[in-house]
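What follows is one structure encoded as structure tokens, with my remarks underneath.
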Amino acid sequence: MRLPEKYLCGVLSYVITFQVLFFLLHKVFIMHDVLANVPNLRINCLDKGFVTLVDAMPRLVPEDRKTADYAIVQAARVSYGDGTKAINEDRGLIRYLMRHAHTTPYEMIEFKFHCKMPIFIARQIVRHRTANINEYSGRYSVMKDEFYFPQMNDVRKQSKFNKQGGEEIMSDTDAQGFLNHLETVCNQAYDLYMEYNEKGLSREQARMILPVNNYTEWYWKIDLHNLLHFLALRCDSHAQAEVQVFANAMLSLIEPIVPMAVEAWNDYHPMRGATKLTRLEIDALKLLLSKLENIEIPSLETENKREQAEWLEKAKLLGLNLTAN
Ligand SMILES: Cc1cc2nc3c(=O)[nH]c(=O)nc-3n(C[C@H](O)[C@H](O)[C@H](O)COP(=O)(O)OP(=O)(O)OC[C@H]3O[C@@H](n4cnc5c(N)ncnc54)[C@H](O)[C@@H]3O)c2cc1C
């Protein structure tokens, strides 16, 4: 009986060693972890907040690709056929998909963030219904004594032009006065909150005392298509400055993971490098261009033939019926 037992153990340890070795070799030499592209996975935001990139899907990509852009082309090639697989062709396909609003391949990538932000900023982010969220519970746990206090040079006057925004900063005296009041109110509110907690008032009601600059935390997961929609709206200068801080942090965390997708988004999204023209604006442009004589249509700064052809089509739409130089 001893010999087969010994034999079995030998075989088992051989199999386990082989599997561990195979896993390590595969991980180290064949697949690349995209989180390794990001130098620092946590970015501090405002005075006590942060955005941490917790996970990404796909997390492992082929070593010769290095970025999760790979998952976009992988999905798209189901509809467009396998074709060649050079990286520059990946880029062309990713850009084509973005230009033509073929968005579902972008949904193949997901990001999970751990965020800590003031409640009034969470209220804006939560409007983006396509994210999955799990938030700190003020019913279950005691809210922390953590409130957002802007820096002096972040205390803004009400904008005269944008009813939703602030612009110029307040004078030092007024800003300091506001911050002193804010601190007093937050301290009093938190003391009262704790007092009522100790008296046995339910946490779900005691929290009504706390102001909306109290910090909350959540895990927030979203696919790349919807994340880019969120970032277009919340990195924009019309969004509240504080939410822009969180959106810009997310953008800088994902850019090294999906550089081609972010480049295409920056080039083609109407709230980034591109714009939309209305029919009325097109008519006005046509009128303007019809007055110009002997003009040559310049080529675009791209070697992509399809994009050049699309440009010629648009030039025709504007009444420029000439060939590109
Ligand atoms: C600068 C700025 C100012 C704002 N001001 C206000 C304000 O004063 N008051 C206010 O209430 N909100 C305000 N918002 C919030 C805004 O109206 C949107 O609710 C928020 O930006 C989410 O946008 P979304 O619905 O496109 O995003 P998501 O909820 O992420 O949805 C993404 C896309 O999915 C589709 N979608 C998702 N759910 C539905 C649905 N139920 N039905 C149809 N389509 C759906 C839509 O195409 C949508 O664009 C403001 C937003 C910004 C950026």
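What to note about this one:
- Condition check for residue 207: crowded, with 18+ Cβ neighbours inside 10 Å and assigned by TED's automatic domain parsing to the domain that holds residue 185: yes
- Out of 248, 266, one residue alone is surrounded by fewer than 17 Cβ atoms within 10 Å (Cβ to Cβ) and out of contact with any Lys or Arg (no Cβ under 6 Å at 6 or more places or on another chain). It is 248.
- For region 138-166, filtering for residues that are modelled with pLDDT of 95 or more and within 26 Å of residue 200 (Cα to Cα) leaves 7.
- Of the strands (runs of 3 or more DSSP E) lying entirely inside region 43-158, those containing at least 2 residues that are crowded, with 17+ Cβ neighbours inside 10 Å and in contact (Cβ under 8 Å) with a residue 60 or more places away in the chain span 49-57, 110-118.
- Within region 233-244, considering residues that are assigned to a loop (DSSP other than H, G, I, E, B) and more than 9 Å from the ligand (Cβ to nearest atom), the one nearest to residue 265 (Cα to Cα): 235
- Count of region 166-207 residues which are hydrophobic (A, V, I, L, M, F, W, C) and in a loop (DSSP other than H, G, I, E, B): 2
- For beta carbons closer than 8 Å, sequence separation of 6+ or different chains, a first residue in region 260-280 that is under 25 Å from residue 65 (Cβ atoms) and a second that is in a loop (DSSP other than H, G, I, E, B) and among the hydrophobic types (A, V, I, L, M, F, W, C), the qualifying pairs are 261/109; 267/274; 268/274.
- Segments classed as helices (runs of 4 or more DSSP H), wholly inside region 245-325, with at least 2 members that are over 29 Å from the mean Cα position of the chain (by Cα): 279-290, 305-317
- Meets criteria (within 28 Å of the chain's Cα centre (by Cα), more than 30 Å from residue 211 (Cα to Cα) and either at pLDDT below 95 or assigned to a loop (DSSP other than H, G, I, E, B) (or both)) for residue 6: no
- Flag for residue 284 being under 26 Å from residue 52 (Cα atoms) and either touching a residue at least 60 places away in the same chain (Cβ under 8 Å) or not assigned by TED's automatic domain parsing to the domain that holds residue 40 (or both): no
- Looking across region 246-277, the residues that are of a type in the set (Gly, Ala, Ser) and within 24 Å of residue 118 (Cβ to Cβ) come down to 247, 249, 252.
The values are calculated or read from the model by the stated rules, or taken from the named source; none is laboratory data. None of these values were measured; they are calculated from a predicted model. Neighbour counts run over all protein chains shown; Cβ positions are idealised from the backbone, glycine included.
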